[in-house]
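Below is one structure, written out as structure tokens, with a few remarks after it.
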Amino acid sequence: MAYDEHLADRIRQWLKTKNTTYLEKKMMGGLCFMVDDKMCVGVVKNDLMTRVNPEDYETLLQQPGAKAMNFTGRTMKGFVMVEPQGIDMDDELDTWIQHCLDFNPLAKSSKKKK
């Protein structure tokens with residue numbers, strides 16, 4: 001198992017409950033949920049990957065289980081990884097996903113390959 005299927009199911013259920021249209025893409029060794037053709041939230045191994053407003057980045061890193069996203073030796077500002085202990089409770093997961101959806105309209109879409 002490359003990523004936590006149970007966490008992916010929790011995200012799917014949350015997005016469906018909120019009537020959010022999304023597309024799933026396997027990437028970065030995990031699963032990403034795209035909203036409006038933009039990376040929004042995902043699962044990498046057992047962690048929640050979140051795309052949040054860079055203005056809130058430092059504050060969100062102070063939350064339980066939160067850490068900077070660093071795949072290439074370089075920290076990606078605006079992306080926060082949340083370890084399982086930070087999303088055990090549904091209300092914790094709800095809060096993180098809501099941060100992602102709140103930022104989504106402001107996020108830039110990645111360049112499409114031709």
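Quick rundown of the values:
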| item | result |
| --- | --- |
| Nearest-20 debye value, region 5-106 charge dipole, Cβ charges on Lys, Arg, Asp, Glu | 460 debye |
| Mean separation of Cα contacts under 8 Å (6+ apart) over length of region 1-41, as relative contact order % | 30 percent |
| Karplus 3J(HN,Hα) series, Hz, for region 19-33 with 6.51 cos²θ - 1.76 cosθ + 1.60 (x for Gly, Pro) | 6, 8, 7, 8, 10, 9, 9, 7, 7, 6, x, x, 10, 10, 9 |
| Where labels lie 7 Å past Cα in the beta-carbon direction, separation of ASP37 and GLU24 in nm | 2.3 nm |
| Karplus-derived 3J(HN,Hα), 6.51/-1.76/1.60, for each residue of region 6-16, Hz, glycine and proline x | 5, 5, 4, 5, 4, 5, 3, 4, 4, 5, 5 |
| Ranking of ASP94, ASP88, ASP47 by count of other Cβ atoms within 10 Å, fewest first | ASP88, ASP94, ASP47 |
| Counting DSSP beta bridges with both ends in the chain, the antiparallel % (nearest 5) | 95 percent |
| Neighbourhood charge, 14 Å Cβ-Cβ cut-off, centred on VAL35 and excluding it, Lys, Arg +1 and Asp, Glu -1 | +3 |
| Label point distance in nm, GLU83-GLU5, each placed 7 Å from Cα along Cα→Cβ | 2.6 nm |
| Length released on extending from GLN98 to LYS67, taking residue separation times 0.36 nm less the Cα-Cα span | 9.4 nm |
| Ratio of the Cα radius of gyration of region 5-106 to 2.2 N^0.38 Å, where N counts its residues | 0.96 |
| Whole-number percent relative contact order across the chain, with pairs defined as alpha carbons under 8 Å at least 6 apart | 23 percent |
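Readers should treat all values here as calculations from the given coordinates under stated rules, not as data from a laboratory. Being a predicted model, the structure only gives us computed values, none of them experimental. Cβ sites come from the backbone with ideal geometry, for glycine too, and all protein chains shown count toward neighbours.
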